[in-house]
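Report on one structure; see the data block that follows.
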Amino acid sequence: MLIDSLFYADDAALISKTVETATKRLEAIQKGLKEKADMSMHMGKTKVMHTQQTLEIAKPKAREYKEKEVLELLKEKCEGCGTPFVNAKGLHVHQRSCDRWQRLDKDKDYRVEAVLEARGTPGERYYYVRWKGKWNPEQKHSWIPEMWCNSDRLVDEFYSSNGICADEDVMVGAPNPMIGKTQGYTFRCKLCNHFCKTNAALKSHLTKKKTDGGCKQKSIDRSGTLAELAVKRLRRHAAEAEGL
C-alpha cells in the first residue's frame, strides 16, 4: 500500500508529519482490517477532504432568516408569527412562549369581512379588521398581523379606496380606533402594534421584559440553535465556493 499525499484527519493528533509515517499507519490499519473486520472497504468509494482552515462566519442577522435560500432549509413555520425553524421540535419549543400562537383560537372560524385601517411597513404590518359572523361587540373588531389576513381582495380594496401606497409605512401617527383603554393613543410599537399614551410609555414598553408587560414580539435569540448553524453552514459553503 502506498500513498503520495496527506489530506485530512478527524483528530489533530492523528495527522502524520511525513508521508512515510502515514503510509505505515495506514498499512497497519489495512492489515488489522483484513484480519479482524467482517467486511472490506473499497478504497475507490472513500472520500477525503483537503486540510484547510475553517472560515469564521459572523452571527446571522434577523433578516437573513427570511431569505429564500434560508427558508428552503427551515421548513417548519409558526402559524402565529411566521418564524421558521429547522424541525418540529424547535417549532414546538418556540410555540410555548409565542404570544401570537397562543392567541390563535384554532377552533374558531376567522373570516375577515372588511379591512378598516392599517399600520406599519410591509412584513411588519397590522390590519384593523371587522370579522364576519356573529361576535360580541367588543370582539367584532380587532388588530391582526398581515399574515393572519386571509383575503387579498379586501386588502387591495382598502388600499385603493383610501388612496394608500402599500409599499410605504401607512397611517403613521393615526390614533388607535379599537375600543378599549388604548383607544385614541397614537404612540405605536412597530413590533407588536401595542398603542401607548406617551412616547415615554412606548420606550418603557420596548425595554421591559416580556414577563413584565413588555413587547412580546422582540426578535428571538437564535444563538446556538440549529437554525443558526444551518444559516452559518450555508454561508460557509458559499464563501468556500467563491474561494475555489
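See the values below:
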item	result
Inter-probe distance in nm under a simple model that places probes 7 Å from Cα toward Cβ, at Arg103 and Leu116	1.6
Packing-based exposure ordering (other Cβ within 10 Å, fewest first) of Met178, Met171	Met171, Met178
Subset of Lys134/Lys181; Lys190/Lys216; Lys66/Lys232; Lys89/Lys208; Lys61/Lys216; Lys190/Lys210 violating a 21 Å alpha-carbon distance limit	Lys134/Lys181; Lys89/Lys208
Rounded, prolate or oblate (a/c below 1.5 giving rounded, otherwise prolate when a/b exceeds b/c) for the stretch 57-180 by Cα gyration tensor	oblate
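Every read-out reported here was derived from the displayed coordinates using simple, explicitly stated rules and does not represent laboratory data. Computed from a prediction, not measured in an experiment: that's the story for all the values here. Every residue, glycine among them, receives a Cβ derived from its backbone with ideal geometry; neighbour counts consider all protein chains shown.
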